[in-house]
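All remarks here apply to the structure that follows.
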Amino acid sequence: MGVATPPPVTTRTPLWLTLPSRFNALTRVQALWTLGLLALLLTATLLALAAPGPGAGHDGASVADVQGEVVPYETIVSGIRGGGDYYTVTANALRRGAYPLRPFLTFRLPGLAVIEAHVPPLGMQAILWALIAGTAAALFLRLRPAFIGPIPLASAMLLLAAGMVAFVQNGLIAVHEVWAGLLIALSLALRRDDRWVGAISFGLIAMLIHETAALYVAIMAILALLEGNRREAFGWGATLLVLAASLAFHAHAVSEVVRVTDPMASEGAGLLGFGFFVRAMTVSTALAALPVALAAPLVGLALFGWASWAEPLALRALTVFCGYAALLGVFGRTDTYYWGLMIAPLLPIGLAFAPDGLRDLAARARDRRRIIVKRLVR
């Protein structure tokens, strides 16, 4: 009687990672399918070439274009310093700048503006740099066990720096996405199965600065629930209730200062697609220095790299990236491309995981070992 025995899986020595990539255990057929999906992903990133440039009427714009929105924000901060009420001051500033005042989310949540109004500019700069340093340190400690030596780890940290180029520009300190993006990165770096209170706390702060961070928190809550971590899922869910209460108060306060004659924001659905997400990520990171035709596939390789790392953190990060890709592709407009800053610090790090993933995937796709048939004689 013949018995078919599958060939043993050969574990190759990793290139940069201490453990084999997620693709090392694939069969040849699975590897071929995965290569096909990778090729499709890289091809899809080239849709960025046809995607509209960030900013209405802009083409080839950069993150610096966000500074146009900083001007009314600085006016709001100055008004609060002079003793004004946040909502009244904001309404007047938006009217002077011919900005829409409806719906209520055209008013930023007041937390960051109130803090900035009561902290000297040098103090706010120090707080931001402390947050940048803390985020980098947390990611360094989290990534250090993943790499075999100082060169791969240094490369990962350089890629982190590439994702933070907008975050160290003094002119963008007032941009809410800058603060929320750093807090999301710090939250992800701190989150572990047995230690998640700190991660939830930073996620809550991120939401109270920019409400779109709720997408990150909701994803983390769902993943915790799927993994059976009910207490953690409850913690994430509780912060969403805090945000809902804050938004209810915010909406009421806005309604007190908005007039019927005030303009309404455009209700265009966006629907700019995956190419717009890729374009937003290129201009939100150091990839802005490269031609779009070269930078766009690197965004795809970064996503692939995160999928390669065989760690639960990688799957969480990848799910968050996909969530924000959907948000930008479906609801994003050319004047909201800077939502990409919410995930910009983390995304480029995926390029450090990509070499092992590509090597293992190619090796599995070339594997033509035959099944060994043994004959047992009774």
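Say we look at the range 313-343 and pick out the residues that are of a type in the set (S, T, N, Q) and over 11 Å from the mean Cα position of the chain (by Cα); which of these is farthest from PHE276 (Cα to Cα)? Don't jump to the end; show me each part of the working.
Here is the first cut: in the range 313-343, the residues of a type in the set (S, T, N, Q) are 319, 334, 336.
Narrowing the set further to residues that are over 11 Å from the mean Cα position of the chain (by Cα) leaves 334, 336.
On the way: THR334: 9, THR336: 11 Å.
Of everything passing the filter in the range 313-343, THR336 is farthest from PHE276 (Cα to Cα).
Among the candidates LEU186, LEU241, LEU225, single out the residue that is of a type in the set (A, V, I, L, M), surrounded by fewer than 19 Cβ atoms within 10 Å (Cβ to Cβ) and either within 25 Å of GLU116 (Cα to Cα) or touching a helix residue (DSSP H, G or I) at 6+ places or on another chain (Cβ under 7 Å) (or both). So the residue among LEU186, LEU241, LEU225 that is of a type in the set (A, V, I, L, M), surrounded by fewer than 19 Cβ atoms within 10 Å (Cβ to Cβ) and either within 25 Å of GLU116 (Cα to Cα) or touching a helix residue (DSSP H, G or I) at 6+ places or on another chain (Cβ under 7 Å) (or both) is LEU225. Across the range 245-303, the number of residues qualifying as among the polar types (S, T, N, Q), under 23 Å from PRO52 (Cβ atoms) and in a loop (DSSP other than H, G, I, E, B) comes to 3.
Only one of the numbered conditions (1) at pLDDT below 95; (2) at negative phi is not met by LEU225, and that is (1).
Here LEU139 meets each of (1) surrounded by 18 or more Cβ atoms within 10 Å (Cβ to Cβ); (2) under 21 Å from GLY171 (Cβ atoms) with one exception, condition (2).
For the range 144-154, check the following and say yes or no: at least one residue is small (Gly, Ala, Ser), crowded, with 19+ Cβ neighbours inside 10 Å and either over 29 Å from ASP356 (Cβ atoms) or under 16 Å from the mean Cα position of the chain (by Cα) (or both). Explain how you work it out, then say what you get.
We begin by selecting, within the range 144-154, every residue small (Gly, Ala, Ser); these are 146, 149, 154.
Imposing the further condition that a residue be crowded, with 19+ Cβ neighbours inside 10 Å reduces the set to 146.
Narrowing further to those that are either over 29 Å from ASP356 (Cβ atoms) or under 16 Å from the mean Cα position of the chain (by Cα) (or both): none.
The answer is no, given that none of the residues of the range 144-154 is small (Gly, Ala, Ser), crowded, with 19+ Cβ neighbours inside 10 Å and either over 29 Å from ASP356 (Cβ atoms) or under 16 Å from the mean Cα position of the chain (by Cα) (or both).
Only a single criterion out of (1) out of contact with any Ser or Thr (no Cβ under 6 Å at 6 or more places or on another chain); (2) touching a residue at least 60 places away in the same chain (Cβ under 8 Å) is not satisfied by ASP360, namely (1).
A quick yes/no check of all residues on (1) crowded, with 19+ Cβ neighbours inside 10 Å; (2) farther than 22 Å from GLY323 by Cα; (3) touching a helix residue (DSSP H, G or I) at 6+ places or on another chain (Cβ under 7 Å); (4) of a type outside the set (S, T, N, Q):
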{"position": "SER201", "(1), (2), (3), (4)": "no, no, no, no"}
{"position": "HIS210", "(1), (2), (3), (4)": "yes, no, yes, yes"}
{"position": "ALA213", "(1), (2), (3), (4)": "yes, no, yes, yes"}
{"position": "ALA253", "(1), (2), (3), (4)": "no, yes, yes, yes"}
{"position": "PHE277", "(1), (2), (3), (4)": "yes, no, yes, yes"}
{"position": "ALA280", "(1), (2), (3), (4)": "yes, no, yes, yes"}
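For first residues located in the range 310-326 and farther than 16 Å from SER187 by Cβ, partners that are among the hydrophobic types (A, V, I, L, M, F, W, C) and crowded, with 19+ Cβ neighbours inside 10 Å and lie 6+ apart or on another chain with Cβ distances below 6 Å form the pairs ALA325/PHE277. For the range 166-183, a residue qualifies if it is more than 18 Å from LEU105 (Cβ to Cβ), of a type in the set (A, V, I, L, M) and buried (at least 22 other Cβ atoms within 10 Å of the Cβ), and the qualifying residues are ALA166, VAL178, LEU182, LEU183.
Considering the range 39-74 alone, what residues qualify as being in a loop (DSSP other than H, G, I, E, B) and either at pLDDT 65 or above or under 21 Å from ALA302 (Cα atoms) (or both)?
Result: ALA50, ALA51, PRO52, GLY53, PRO54, SER62.
Among the residues of the range 120-134, not a single one is over 24 Å from ALA206 (Cβ atoms), touching a residue at least 40 places away in the same chain (Cβ under 8 Å), surrounded by 15 or more Cβ atoms within 10 Å (Cβ to Cβ) and more than 22 Å from the chain's Cα centre (by Cα).
The values are calculated or read from the model by the stated rules, or taken from the named source; none is laboratory data. Quantities reported herein were computed from a predicted structural model and do not represent experimental measurements. Note that each Cβ is placed from the backbone with ideal geometry, even for glycine, and that neighbours are counted across all protein chains shown.
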